[in-house]
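Student: Next up is a structure, given as structure tokens.
Just so it is clear, none of the values below were taken in a lab; they were calculated from the coordinates. Source: prediction; values computed, not measured. A quick note on method: Cβ atoms are made from the backbone with ideal geometry, for glycine too, and the neighbour counts reach across all protein chains shown.
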Amino acid sequence: MRDPNDLLEEGDGLLLVDVQKDFCPGGALPIEEGDEIVPVLSKWIKAAQAKRIPIYASRDWHPLQHMSFEGHGGKWPPHCIQDTDGAAFHPELKLPDNTVKITKGVRFDQDQNSAFDQTGLAEQLTRDNVKRLWVGGLALDVCVLTTVLDARRLGFEVHVILEATRPVTPEGGEEAIQKMREAGATIVSESLQQMPKR
Ligand SMILES: [Zn+2]
């Protein structure tokens, strides 16, 4: 198995997308095996800490009756409502105190799937001298996808950690991987350095 300690370098950042209780089994919008990414990410967090690689964690943080919710113009069951238990980061995800948190999905009039969408994250990464991102989180075919596409568009190098993400649907996951590759992101598996190109 590939060791994050050997992969992380100066100029890297670790970006964890929406690793929240509502997106894990038992939550309001559960992603199958969503919680299985947590031990994987914990290893990456530990390695990043040891190497002084900055860590960023985004969270979906919706107002009540958000426009992305069923019955309010959207397609998702209500999830990650501000200050609720379901909006909390997964309890086993031990985020260091110096983790930079990114709050998104707060706008009443639009959804913000990407961690870059009107959050100022790109500017923060530039300030922190981050050029390459290692990305994991939930869900692969929604918020991870849009985040990775934005990161590429903004000129960041991106490595997606395959074991550290799960899709809403398997088909959606396949499609997301293809789109991310087309955008120049690298899909990294811990067992293979890079997934074979199809
Ligand atoms: Zn949401």
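Student: Name the residue farthest towards the positive end of the dipole of the chain from the options PRO39, GLN178, HIS79, assuming +1 on Cβ of Lys and Arg, -1 on Cβ of Asp and Glu, about the Cα centre.
Tutor: So the residue we want is GLN178.
Student: Tell me, what HN-Hα J-couplings in whole Hz come from the Karplus equation 6.51 cos²θ - 1.76 cosθ + 1.60 at θ = phi - 60° for each residue of segment 48-57, using x for Gly and Pro?
Tutor: Values per residue, Gly and Pro as x: 5, 4, 4, 9, 6, 8, x, 10, 10, 10 Hz.
Student: Same structure again: Distance from the Cα centre of segment 26-48 to that of segment 149-166, in angstrom?
Tutor: Centre-to-centre (Cα) distance: 16 Å.
Student: What would the Debye equation give as log₁₀ I(q)/I(0) for the chain at q = 0.09, 0.16 Å⁻¹, counting only Cα atoms as equal point scatterers?
Tutor: -0.29, -0.99
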